[in-house]
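These notes are about the structure you will find just below.
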Amino acid sequence: MDAGLAAVLGAAVGAIGTGGAGIGAALLARSQARSQLKAEHARSLREPRRVAYMAFAETMVEDQNALSTATSHLQVVARNEHPGAREELLNRAREAYDSLESNEHHHAHRYAQVVVEGPPRVSSAASDARVAFTEFKSQVFNRLIELKRGQGSCPDMAESLGESLLAAHKAYIDFVHAAALAMTADGVDRLPE
């Protein structure tokens, strides 16, 4: 083989090798840029979601604590455990219940934030928690009215209030778990929903 042909072939092989290395480097850089964009996208979703989820959870806890206080007073009245304190307990239950009314706007606002931020699994869990809470709140109000009117003093009423409290709390816990699961999406191994 003559020296000229060997030089041309050597240059061609070198150019192909350099081009291949350049293509490989470009593909690697593209893959890294994609991973970085996914991670950045996940971070940009994570913070507003975290804020919305925490605000809703805090509001739920405050509201459920108020209803829990009202429930414990109503349960004592329903079981007729302290007949001399009946009116005072009913008034305390009413005060605890009334404290929810000022928080209703915040509760609705926090719920809307969660629904907007998503993902659907968390929005659904928030909806279930809100429905369970609203049913519990309604039952507390109805039992409060019945007991104020002198109706319904029985252990069954106390037990049904306790069951509603547990159902509302379980729905809240389900929301917290769905929110925690949604927050674990890192955007690289698993895309955020």
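The values are calculated or read from the model by the stated rules, or taken from the named source; none is laboratory data. This one's a predicted model, so the numbers in the text were calculated from it and none came from an experiment. Cβ coordinates were reconstructed from backbone atoms using ideal geometry, including for glycine residues, and neighbour counts include every protein chain displayed. Only protein heavy atoms, including side chains, enter the accessible area calculation; ligands, DNA and RNA are left aside. Shrake-Rupley method; radii C 1.70, N 1.55, O 1.52, S 1.80 Å.
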Take the Cβ-Cβ distance between Thr18 and Val51 as r, set R0 to 41 Å, and report the resulting FRET efficiency rounded to the nearest 0.05. 0.25
List, in order, the whole-Hz ³J(HN,Hα) value for each residue of the range 93-99 obtained from phi through the Karplus relation with A = 6.51, B = -1.76, C = 1.60 and θ = phi - 60°; use x for Gly and Pro. 5, 5, 4, 5, 5, 4, 5
Which percent of Cα pairs goes in each bin when the distances of the range 78-125 are cut into 10 angstrom slices starting at zero? 23, 26, 20, 19, 11, 0
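Rounded, prolate or oblate for the range 113-185? Axes are the square roots of the Cα gyration tensor eigenvalues, ordered a ≥ b ≥ c, and the cut-off for rounded is a/c under 1.5.
Prolate, since a/c reaches 1.5 and a/b exceeds b/c.
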Grab the Cα-Cα distance for Ala108 and Lys170, subtract it from 0.36 nm times how many residues apart they are, and report the gain in nm with one decimal. 20.4 nm
For the range 109-161, dividing by residue count, accessible area per residue (probe 1.4 Å) in Å² works out to 50
Quick check: at a probe of 1.4 Å, how many percent of the accessible area of the range 69-159 sits on carbon and sulfur atoms? 49
